[in-house]
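Okay, so here's the structure we're looking at.
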Amino acid sequence: MNNILVITRKELRHYFNAPMAYVIMIAFLLINGWFFGSNLFLNNQASLRGYFGMAPLILLFVVPAFAMRLIAEEKKQGTLELLVTMPITDIEIIAGKFFGAVTFYAAILGLTLVYPIVVSSVGNLDWGPVIGGYLGLFFMGSGLIAVGLFASSLTDNQIVAFIVSFLLGFTLFLLGKMLSYAPTALVPLLSFIGFDSHFDNISKGIIDTRDLLYYFSLIFLMLFLGLQSLLNRKK
Amino acid sequence: MIKVQKLNKFYGSFRALSDVSFEVKTGEIMGFLGPNGAGKTTTMKILAGYMPPSSGTAWINDLNIEEQSLSVRQNVGYLPEANPLYTDFTVEETLRYISEVRQIDKDAVAQAIDKVVRQCGLAGVYYKPIEQLSKGFRQRVGLAQALIHEPSILILDEPTVGLDPKQIIEIRELIKNIGASRTVLLSTHILQEVHAICDKVTIISGGRIVASDTPEGLQQKSEEQVLGSLYVKMAGTIREVESALKTVKGVTSVTKKDQEKKNINGYTVQIEKGADIRNDIFRLAKEKDLQLFELTPEKASLEDVFLELTK
């Protein structure tokens, strides 16, 4: 556990040492801020629907942008050799990196809490969907981080990692959006694999174990694949 | 103690290591010598726990590198070939992070960092980011990270590569001091380095161990086996001396090497393996009334040994 924490702290230090993290943070806040603010007064409703409607799409770009470096950069700089020859297991490395990125993401997400605070100060905000929406974004973002970590483990090129991560995330996103075009028999399966239904449920404030299981399974699968990719050096 | 036994490594169908076996005793500094692509780095990566061998095994302080990999890694300080470091970290951040991942006791961290900073001469750059450091200082940071947990075994893959002559001398001096109390396996293709630092040399070529001895022992063997030539300086015309020398039994060729003054020349006399013709040459000079100024067996350098063994 201590080793995971050490790697988590190291990853956070990398994030906050580099200007890229601040650029990503500002971009995320600006874009989301625009979607949050632009419709708020038009609709004249104390709701964050605009923000929660667009945030998943923005995450598809933002998460790969900060997850792409997780392993690819270590491979490129050669520091992976130093890391894996420390008295630490490969599972701890993967877990530490994942939690580092999740903590960074949680910090970015935490900054957007200013939106509900602003709304609640000017209107009567229903906090149930807000908490659900944030939980949904947190789980979806964590799932995308796991996808990004796996993509990053496949290459030493961060751009390639970004593209692979984006394509995988976008596929999961699209699956839920294209159910009306899919054969009826496949609809339940595609609906389960896609992000959409799970995010919708949680953001409505409905915490269903099936949705949580979906996100945990996705994270576990992607981290497992990332671990296998890391272990590939031993073959 | 490092004990390597019949290590083999395949990359696909390419055999990078073939039955590599050697031993480094406690307190020894062993130079691992070989041309590029000989298998030095592969061997070191296996010993450091980066990857397993295809077959064969090794023990570090009686711990099996595969079965007790975590314990082995705790005992080893490893400086990889390209000295990879996190360039966005400062020296302080690097050493702090390494001490955490090396699980150094919290109360002992400050002392451990202080010790390696002094040992490696890093005080002046302690708060500087690695990306702003010269190659020499980066190498020192690489050594410091390998030393911070006071490992009994040090594996250093080409620790002086790319450094300027002054830095090379400093790093060698540092390794020598460190090596006084530790077992060190050091790879290099710089032969003077072996002479300057190592107690023992193992030469690897094409993934096979071709020789293992002390630097002096290897040189001695080479004088007996590798080279067979004498340097002879004699007075007389070149034709006269050459033809006279060629009459001596055991001489295979005579070539003029240098000239001291007119009609006093130095010659390289190649002789048959194992032959000792010094007395015959002395007698020849006396018989033919040729003044003999110098007669020296040509000594093989470690370079000659290396070139011969890695042919």
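The table below gives the values:
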| item | result |
| --- | --- |
| Per-selection Rg to Rh, chain B - Cα, Kirkwood hydrodynamic radius | 1.13 |
| Over the stretch A:2-230, relative contact order from alpha-carbon pairs under 8 Å, at least 6 apart, % | 26 |
| Helix-derived mean residue ellipticity, 222 nm - over chain B, DSSP H n ≥ 4, -39500 (n - 2.57), to 500 | -10500 deg cm²/dmol |
| Nearby lysines by direct alpha-carbon distance to residue B:115 (threshold 16 angstrom, same-chain neighbours under 8 apart not counted) | B:106 |
| Other protein chain Cβ atoms within 10 Å, averaged over every residue that makes up B:36-48 | 1 |
| Residues A:85, B:255 arranged by fewest to most Cβ contacts within 10 Å | B:255, A:85 |
| Between helix B:106-119 and chain B: long-axis angle, C-alpha atoms, 0 to 90°, nearest 10 | 30 |
| Inter-chain Cβ neighbour average for residues B:89-97, partner chain, 10 Å | 2 |
| Zone residues, the stretch B:64-99, relative to residue B:134, backbone N less than 18 Å from point 7 Å out along Cα-to-Cβ | B:91 |
| The protein assembly as shown: Rg to Rh, with Rh as the Kirkwood radius over Cα pairs | 1.19 |
| Alpha-carbon centroids, the stretch A:177-235 and the stretch B:24-48: separation in whole Å | 47 |
| Environment charge of residue B:252, counting only residues whose C-beta is closer than 10 Å and scoring Lys/Arg +1, Asp/Glu -1 | +1 |
| Inter-chain shielding of B:80-87 (mean C-beta neighbours from other protein chains, 10 Å cut-off) | 5 |
| GNM top mover of B:163, B:186, B:284 - chain B, alpha-carbon springs below 10 Å | B:284 |
| Projected label distance in nm at residue A:38 and residue B:289, using a 7 Å step from Cα toward the beta-carbon | 11.3 |
| Per-residue Cβ neighbour rank within 10 angstrom, fewest leading, B:20, A:130, A:187 | A:187, A:130, B:20 |
| Around residue B:165: net Lys/Arg minus Asp/Glu count, Cβ-Cβ under 14 Å | -1 |
| Under 17 Å from the Cα of residue A:97 - lysines, other chains or at least 8 residues apart | A:10, A:75, A:76 |
| Label-point gap, in nm, between residue A:156 and residue B:275 - each point 7 angstrom along Cα→Cβ | 5.4 |
| Tail fraction, Cα-Cα pairs, the stretch A:46-171, threshold 25 Å, whole percent | 34 |
| Antiparallel bridges, percent of DSSP beta bridges restricted to the protein assembly as shown (to nearest 5) | 70 |
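Each value in this text was obtained by applying a stated rule to the coordinates, not by laboratory testing. Every value quoted in this text rests on a predicted model; they were computed, and no experiment measured them. Cβ atoms come from the backbone with ideal geometry, glycine included; neighbour counts cover every protein chain shown.
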